[in-house]
Amino acid sequence: MKKRLFTKNYILLMLSGLAVSFGYSMIAPLITPYGVSLGSDLATAGALTGIFSIAALIIRPFSGYASDAFEKRNICILSTFLITVTMLGYCIAPGIKTMFAVRILHGIAFGIQGTVNIAILYEYLPKERLAEGIGYYSLGQVISQVCGPGLGIEIKDKYGYKQLFAIISIITAFAIVFMLFTDKRVAAEKPQKRLPKEKFRFSIGNMIAFPCIVYALIGGLFSLENGVINSFLVLAAEERKIVGISLFFTVNAAVLFVIRMTVGKVVDRHSITMIVNVSLLTSAAAMLAAGGGKNLWIMLAAAVLKAVGQGTGQITLQTACMKKVDAQKVGIATSTFYIGADLGQGLGPVICGKISDYSGYTTMFYCVAALIVIAMAGFNLYQKKENNCSKFKGGFV
């Protein structure tokens, strides 16, 4: 008999995560314009976006450590409160320098909150339905990415930036309320206790889950692909005179929503190696289609392939990271996975931008496809080694 998935704690955590993601998505396309409105030049205003990602990346290892060493629920509430405070900080920031400080604080709080939320999920979900639960949880991110930017722009146009930030601070405050109604202790078959303090000394091994690094790097490729698409697809379409390219993002989001609804059940029942190979192949095919596409239909096919690859691959690898470590170190495993995602999202557009400058968008997309295929070969070698080790020990992967 299947254990219940949609418990009170799980639903409240989903609502809390949705509120935070919605707030982030509502301001994501408006940070650079807001910086310009404060009197900065375009390059400086654009750096406001980058500094957020850098702050989140730097804090990831520490957030995983804190999640496993201290009370996850309290850390989640505190970090969500800090996000609420930063939204109010956006309202009162008098200039670009203050905005940089607020963005750094927002990135730190966001990095901690995202890591701890997933680590708490591990405690709320039945172990055999872990991927399914993460898949449903991630639907909130998809919904916020689809609806948030447009809603944020509409509110800004009608009421102004400061009113928008105030509204988002209220939305984020609801995330705190949802967390306060969760149980302080979770009843489980095998209650998870934090490691003794003497075993949780501050060290590299307690900030990065080394057994998860390969999975984190492979997962980072999906974020790299996402960053490249978001940064260069519209420009490539304009160069090729493809009309209606905005449909790419609509189709991608719709397919991703469906994938996230169903993929968890597949991941919980099938081989990690098989699923990740399929996801990498479809992602490589998406990049080839985007690189060679001369009309809208090929680009829409790329959107479908990208959604299938990203939707299956990320959930599979994130779940694998959480299962690869002891229960007491799930927070570190989660933060390690997100480090790969942050690196891919941050470095991908920069490196690929250089490639496009020298060789054009087509070559750039083909290079990403080649990188994915090379990574797939490395992943299979790693899995083969892991399988051999597990068989030797009497286990399986």
For this session: Would you check if there is a residue in segment 288-297 being polar (S, T, N, Q), in contact (Cβ under 8 Å) with a residue 12 or more places away in the chain and in contact with a helix residue (DSSP H, G or I) (Cβ under 8 Å, 6 or more places away or on another chain)?
Result: no
For this session: Could you tell me whether segment 14-27 includes any residue that is at pLDDT 90 or above and out of contact with any helix residue (DSSP H, G or I) (no Cβ under 8 Å at 6 or more places or on another chain)?
Result: no
Seminar exercise, completed: Within segment 31-57, restricting to residues that are more than 15 Å from the chain's Cα centre (by Cα) and among the polar types (S, T, N, Q), the one that is farthest from F100 (Cα to Cα) is S37
Problem set entry | In segment 85-131, the residues that are within 20 Å of the chain's Cα centre (by Cα) and either among the β-branched types (V, I, T) or not in a helix (DSSP H, G or I) (or both) | I104, I108, I112, T115, V116, I118, I120, L125
Exercise. Is it the case that segment 320-338 has a residue that's among the β-branched types (V, I, T), surrounded by fewer than 24 Cβ atoms within 10 Å (Cβ to Cβ) and at pLDDT below 90?
Worked result: yes
Problem set entry | Exclusive hit being over 25 Å from I31 (Cα atoms), part of a helix (DSSP H, G or I) and among the β-branched types (V, I, T), set I54, I59, I75 | I75
Exercise. Which of the residues that make up segment 240-260 are touching a helix residue (DSSP H, G or I) at 6+ places or on another chain (Cβ under 9 Å) and either under 13 Å from M299 (Cβ atoms) or hydroxyl-bearing (S, T, Y) (or both)?
Worked result: R240, I242, V243, G244, I245, S246, L247, F248, F249, T250, V251, N252
Seminar exercise, completed: The lone condition S67 fails out of (1) assigned to a helix (DSSP H, G or I); (2) touching an Asp or Glu at 6+ places or on another chain (Cβ under 7 Å); (3) more than 24 Å from S169 (Cβ to Cβ) is (2)
For this session: Return yes when A28 is under 20 Å from the mean Cα position of the chain (by Cα), under 24 Å from I176 (Cα atoms), surrounded by fewer than 18 Cβ atoms within 10 Å (Cβ to Cβ) and of a type outside the set (D, E, K, R) and no when it is not.
Result: yes
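The values are calculated or read from the model by the stated rules, or taken from the named source; none is laboratory data. The model shown is predicted, which means the values in this text are computed figures rather than measured ones. Cβ sites come from the backbone with ideal geometry, for glycine too, and all protein chains shown count toward neighbours.
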